[in-house]
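Visitor: Sharing a structure here in C-alpha cells format.
The values are calculated or read from the model by the stated rules, or taken from the named source; none is laboratory data. Fair warning: this is a prediction, and the values are worked out from it, not measured in the lab. Because the Cβ atoms are built from the backbone with ideal geometry, glycine has one as well, and the counts that use them run over all protein chains shown. Side chains are part of the model used for accessible areas, which takes the heavy atoms of the whole protein and leaves out ligands, DNA and RNA. Shrake-Rupley method; radii C 1.70, N 1.55, O 1.52, S 1.80 Å.
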Amino acid sequence: MCAVVGVFGNDNAAKLASIALFAMQHRGQEATGISSSYGNKIHTIKNRGLVSEVFSEKSFEILKGDMAIGHNRYSTAGNDSILDAQPVSAKYKLGEISIVHNGNLVNKEQVRQDLIDKGAIFQTGMDTENMIHLIAKNTKDTLQDRIVEALQKAIGSYCFIIQSRSKQFVIRDRYGIRPLSLGKLKSGGWIVASETCAFDLTEAEFVRDVKPGEMLVFSKDHDEPESIQLFEPNYKPCAFEYIYFARPDSVIDGKSVYEMREKMGQALAKKEIGKIKADIVVPVPDSGVPAALGYALASGIPFKTGIIRNHYIGRTFIEPTQELRDLKVKMKLSAMASLIKGKSLVVIDDSIVRGTTSKRIVRMLKRAGAAEVHFRVASPMIKFPCFYGIDTPTKKELINANMSKEQVREYIEADSLEYLSIDELIESLGNDRTYSLPSFDGNYFIN
C-alpha cells in the first residue's frame with residue numbers, strides 16, 4: 001500500500017513531492033525516495049526511514065528541476081533492504097529513466113525468471129524492477145511505445161509513474177484497484193498522487209481521478225497532460241482503502257473516506273439495535289474513530305475517547321514483523337481508566353487481521369477496569385490473503401481464516417464480537433460500483 005507522487009512543470013518539484021509524501025506517510029514508513037530530472041540527468045535520493053528523516057534542505061540542492069517523482073515504501077514484495085527502496089532508476093539505450101510503483105504484480109516471478117533466462121541481472125527483490133528490464137530490453141523507438149509494450153506483461157494491481165529526462169508517464173491498471181488522482185498546483189504545474197490529502201498540503205486543486213486503464217503523458221511540449229486509454233476499464237477499486245489504508249480526509253474515486261467509515265459504523269449499530277446494552281462507544285484510534293462516531297450516532301450510545309494514542313508511534317499493521325507490531329501496540333495505545341472503569345464498552349476497530357492487536361486492546365481495557373468489552377469490527381471477516389498490495393501473504397497469518405467467530409472472541413478475550421457482513425460493507429460503500437474484495441470473499445479476479 002505504498003504512496004506515489006509525480007510533480008511536473010514546477011521549479012520546486014522535488015520539494016513539493018516531499019511535502020506530498022509527508023502527507024501520505026501513513027501509506028508506508030519503511031523507506032522513502034525522490035528522483036528529479038535536471039541538467040539532462042536524473043538525480044535520486046532515497047533511504048530507509050520517514051520523509052522527515054531522509055530529506056533536508058541540502059537534499060533539494062541535489063534534487064533540482066521542474067519534474068520529480070517520489071515514493072513511500074510499505075513492503076509487500078521484496079526484502080527490507082535499501083536496494084528495495086524506490087524510485088528505481090536505470091540507464092538504457094534511450095537514456096535514463098526512474099520509476100515508482102504502488103501495487104503488486106501477480107505474475108512477477110514468471111516475468112522475472114523469463115528476464116533472467118534472457119540475461120537480465122536484478123539488483124532488487126521488487127516486482128517494480130521488472131518494468132525497468134521490460135522497457136530496457138524492448139526494441140521500440142520511443143519510451144512511450146516501450147512502456148505500452150511492457151505493460152502487456154504487467155498483470156496485477158499497479159499505479160506506475162515513470163520519468164525520463166523530459167517526460168512523465170502515469171499509468172493506472174484497468175481495474176483501478178489502487179487510488180490515483182490528478183491535481184493542478186496553484187504555484188504552477190501538475191501533481192499526481194495516491195491520495196487527495198497530498199493536494200491539501202501542496203496547495204493543489206483536485207482535477208480528477210486517473211481513469212482505470214489510462215496513461216497520462218506529461219511533456220514540455222503540451223500545457224495539458226495527454227490522455228491515452230490503454231486498456232478497457234474493468235473498474236474494481238479496493239474496499240480496504242476505505243476501511244483502513246487511506247487518510248480519512250482523502251477523497252477516493254469521488255467518495256469521502258471519512259463518510260464511508262462513518263456509514264460502516266452506522267451499519268454495525270443498525271444490525272444490533274436493542275440487542276446490546278452499553279455505557280459508551282470507544283474507538284480504537286485513529287482509523288476506528290469515524291466508524292465509532294457512526295455507531296454512536298445510530299445507536300444513541302455516547303461516544304467517548306476511552307483509548308489515547310501516542311501520535312509519535314506509526315501504524316502497526318504496516319510494520320513488517322509481528323515483533324515490531326506487538327511492541328508498537330504497547331507503546332502506541334493507553335486506556336483512560338477514569339473514563340472506562342466499571343463501564344460496559346462497545347469498542348470499534350476498522351478490522352481484525354492477525355488478532356494480536358485486538359487481544360492486547362481488550363486486555364488493556366479490562367486491566368483499566370472496564371466491566372465489559374464488546375468488540376465491533378467495521379469490516380467483514382478477513383479470511384483470505386490479498387495479492388494486490390496488502391501484506392497478508394498466507395492464510396496462517398489471518399485469524400479469521402483459522403478460527404470461527406466464537407473462537408476469535410475467546411482468543412481476543414472480548415465479551416462479544418461482531419463484524420460487518422460483505423453485503424453490509426457494500427451497502428455502506430454504495431452499490432454503484434463493484435469493489436475488489438479478495439480479503440473477504442477470496443475472489444481473485446486477476447489471473
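Visitor: For q values of 0.19, 0.22 Å⁻¹, compute log₁₀ I(q)/I(0) with the Debye formula on a Cα-only model of the range 13-118, without solvent.
Guide: These q points yield log10 I(q)/I(0) values of -0.96, -1.18.
Visitor: Roughly what angle does helix 13-23 make with the longest principal axis of the chain, taking Cα atoms, 0 to 90 degrees, to the nearest 10?
Guide: 10
Visitor: So what's the projected area for the range 395-447, the Cα convex hull averaged over all directions, in nm²? Walk me through the intermediate numbers first.
Guide: Details: hull surface 19.4 nm².
Dividing the Cα hull surface by four gives the mean projection, 4.8 nm².
Visitor: Give me the accessible area of LEU297, 1.4 Å probe, in Å² rounded to the nearest 10.
Guide: Spelled out: LEU297, probe radius 1.4 Å, area about 120 Å².
Visitor: Kindly identify the range 156-315 as rounded, prolate or oblate by the Cα gyration tensor criterion: order the square roots of the eigenvalues as a ≥ b ≥ c, call it rounded if a/c is under 1.5, otherwise compare a/b with b/c, prolate if a/b is larger, else oblate. Present the calculation step by step, with values, prior to reporting the outcome.
Guide: Values: a/c = 3.17, a/b = 2.20, b/c = 1.44.
Prolate, because a/c is 1.5 or more and a/b exceeds b/c.
Visitor: Given 10 Å bins starting at zero, what is the percent of C-alpha pairs of the range 87-131 in each, up to the one with the largest pair distance?
Guide: Going out from 0 Å in 10 Å bins, the range 87-131 shows 25, 54, 21 percent.
Visitor: Here is a further query. For the chain, what is the accessible area per residue in Å² when the probe is 1.4 Å?
Guide: Working: 17940 Å² over 447 residues.
It amounts to 40 Å² per residue over the chain.
Visitor: From the protein chains alone at 1.4 Å, what is the descending order of accessible area for PHE122, PHE218, largest first? If you can, show how the numbers build up before the last one.
Guide: Values: PHE122 40, PHE218 5 Å².
Largest accessible area first, the residues go PHE122, PHE218.
Visitor: Keeping all protein chains in place and using 1.4 angstrom, which order do THR434, THR142 fall into by accessible surface area, from largest down? Before the final figure, lay out each step's value.
Guide: On the way: THR434 85, THR142 60 Å².
Ranked list, largest accessible area first: THR434, THR142.
Visitor: May I pose another question? Distance in nm between label sites at ASN431 and ASP221, each 7 Å beyond Cα in the beta-carbon direction?
Guide: 4.9
Visitor: Still on this structure, please answer the following. Want the number for ILE121 to ARG208: 0.36 nm per residue separation, take away the alpha-carbon distance, what's left? Each step should come with its number before you reach the end.
Guide: Details: separation 87, 0.36 × 87 = 31.32 nm, distance 3.86 nm.
Stretched out fully, the ILE121 to ARG208 stretch lengthens by 27.5 nm.
Visitor: Still on this structure, I have one more. Over the alpha-carbon set of the range 15-65, work out the extent along each principal axis and list the three values in angstrom, largest first.
Guide: 33, 18, 17
Visitor: Enter the accessible area of TYR38 (Å², nearest 10), with the probe set to 1.4 Å and all protein chains included.
Guide: Solvent-accessible area, nearest 10 Å²: 110 Å².
Visitor: Could you tell me whether the range 115-180 comes out rounded, prolate or oblate from its Cα gyration tensor? Rule is a ≥ b ≥ c as square roots of the eigenvalues, rounded for a/c under 1.5, then prolate if a/b exceeds b/c, otherwise oblate.
Guide: The shape class here is oblate.
Visitor: Report relative contact order for the range 379-447 in percent, whole number only (criteria: Cα-Cα under 8 Å, sequence separation at least 6). All intermediate terms of the calculation are to be shown ahead of the outcome.
Guide: Numbers: 69 pairs, mean separation 28.7, N = 69.
That works out to 42 percent.
Visitor: Not counting ligands, DNA or RNA, and with a 1.4 Å probe, what is VAL170's accessible surface area in Å² rounded to the nearest 10?
Guide: 0
Visitor: Report, to the nearest whole %, how much of the accessible area of the chain belongs to carbon and sulfur atoms, 1.4 Å probe, protein only. Show your work: numbers first, answer last.
Guide: Details: 8780 of 17940 Å².
The computed percentage sits at 49.
Visitor: What is the angle, in °, between the Cα long axis of helix 289-299 and the longest principal axis of the Cα atoms in the chain? Nearest 10 is fine, range 0 to 90.
Guide: Between helix and principal axis, roughly 40 degrees.
Visitor: May I pose another question? Of all alpha-carbon pairs in the range 350-447, indicate the percentage at a distance above 16 angstrom. It would help to have the intermediate numbers written out before the result.
Guide: Details: 2777 of 4753 pairs.
When every Cα pair of the range 350-447 is considered, 58 percent fall beyond 16 Å.
Visitor: May I pose another question? How big is D for the chain, in µm² s⁻¹ as a whole number, if Stokes-Einstein is applied with the Kirkwood radius of its Cα pairs at 4 °C and 1.567 mPa s? Present the calculation step by step, with values, prior to reporting the outcome.
Guide: Numbers: Rh = 22.6 Å.
Translational diffusion coefficient: 57 µm²/s.
Visitor: Based on a Kirkwood Rh over C-alpha pairs, give the Stokes-Einstein translational diffusion coefficient of the range 99-227 at 37 °C and viscosity 0.692 mPa s in µm²/s. Walk me through the intermediate numbers first.
Guide: Working: Rh = 15.5 Å.
Taking Rh from Cα pairs, D becomes 212 µm²/s.
Visitor: Non-local amide H neighbours of LEU420 (under 5 Å, H modeled in plane, Pro and chain starts lacking H): which ones?
Guide: Those qualifying (amide H under 5 Å, at least 5 residues apart or on another chain) are VAL377, SER379.
Visitor: Taking the Cβ of ILE422 as the center, what net charge do the other residues with Cβ under 12 Å away carry, scoring Lys and Arg +1 and Asp and Glu -1?
Guide: Values: positive: LYS383; negative: ASP423, GLU424, GLU427, ASP441.
Value of the local net charge: -3.
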